[in-house]
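**Student:** First, the structure itself, so that you have it in front of you.
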Amino acid sequence: IHAIASQFDQVAVYRGVRRVGLTCWETDRLPAEMIKGCQSVERVIVPCVLNQETFAKPGIDTRLVPYPIVKTVQTMTEIPAIVALKSSHLILWTGTWQERKHPMGAVTAFLLACARNPQSAERATLDMKVGGTMAQTVAKHDIDMLRQSLNLPVAGRILVLGSKFSSEEMAWLHSKAA
């Protein structure tokens with residue numbers, strides 16, 4: 001079962017079939033519904049040591065099986081909106097604009113770091129790759145609201161990107177990220 005662990009117990013049970021869950025989690029603690037889901041399978045497979053340690057805290061035994069990373073030789077294509085910024089420090093955040101992914105935590109940390117280090121802030125950009133133009137609109141609004149509430153003396157440069165990128169553009173973006 002490849003899903004968020006809280007969904008493991010929602011998958012039909014077939015007699016004689018072993019139930020193995022494959023999942024990952026981005027934080028250092030699990031919500032109760034994740035623990036309950038893990039208890040409904042015979043084994044939980046996770047891709048990294050952080051997940052092994054996180055799942056072990058509530059007593060969930062896991063097996064570590066890293067996701068394979070296939071490295072291919074690719075040509076890279078620049079993304080003009082990022083090139084135009086001329087940043088020497090590029091910080092990349094990629095994800096869905098959902099509360100559980102906590103993108104506003106990344107934005108808050110970036111803005112506060114810029115306020116503490118104005119000289120570095122002039123050279124840094126937080127590039128946030130979100131899924132689609134609707135998510136891009138929501139993200140920009142949320143960031144603007146946060147900026148207003150924090151009222152920091154240094155703005156911190158944030159670029160929210162919602163368009164779909166080619167493999168060549170993603171390769172370039174990853175090569176430029178700090």
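The values are calculated or read from the model by the stated rules, or taken from the named source; none is laboratory data. Just so it is clear, the structure is predicted and the values come from calculations on it, not from any experiment. As a convention, Cβ positions derive from the backbone with ideal geometry for all residues, glycine included, and neighbour counts pool all protein chains shown. Heavy atoms of the whole protein, side chains included, go into the accessibility calculation; ligands, DNA and RNA do not. Shrake-Rupley method; radii C 1.70, N 1.55, O 1.52, S 1.80 Å.
**Student:** Under 9 Å by Cβ, and 6 or more places apart or on different chains, what pairs join a residue from the stretch 23-36 that is assigned to a helix (DSSP H, G or I) with one that is among the acidic types (Asp, Glu)?
**Tutor:** Going by the 9 Å Cβ cut-off, the qualifying pairs are LYS36/ASP9.
**Student:** Failed condition for MET128, given (1) touching a helix residue (DSSP H, G or I) at 6+ places or on another chain (Cβ under 7 Å); (2) more than 23 Å from TRP25 (Cα to Cα); (3) at pLDDT 85 or above, with all others met?
**Tutor:** (2)
**Student:** Among the residues of the stretch 23-49 satisfying the criterion of being among the polar types (S, T, N, Q) and open to solvent by 30 Å² or more (accessible area, probe 1.4 Å), which is nearest to the chain's Cα centre (by Cα)?
**Tutor:** THR27
**Student:** Do we find that THR77 is at pLDDT 85 or above and touching a His at 6+ places or on another chain (Cβ under 9 Å) in this structure?
**Tutor:** It is false that THR77 is at pLDDT 85 or above and touching a His at 6+ places or on another chain (Cβ under 9 Å).
**Student:** While we're here: Got at least one residue in the stretch 148-170 being of a type in the set (A, V, I, L, M), open to solvent by less than 30 Å² (accessible area, probe 1.4 Å) and assigned to a helix (DSSP H, G or I)?
**Tutor:** no
**Student:** Something else now. Of all residues in the stretch 1-22, how many are assigned to a loop (DSSP other than H, G, I, E, B), more than 20 Å from the chain's Cα centre (by Cα) and in contact (Cβ under 8 Å) with a residue 12 or more places away in the chain?
**Tutor:** Selection size over the stretch 1-22: 3.
**Student:** Going through the stretch 1-19 one residue at a time, which ones are aliphatic (A, V, I, L, M) and open to solvent by less than 50 Å² (accessible area, probe 1.4 Å)?
**Tutor:** ALA3, ALA5
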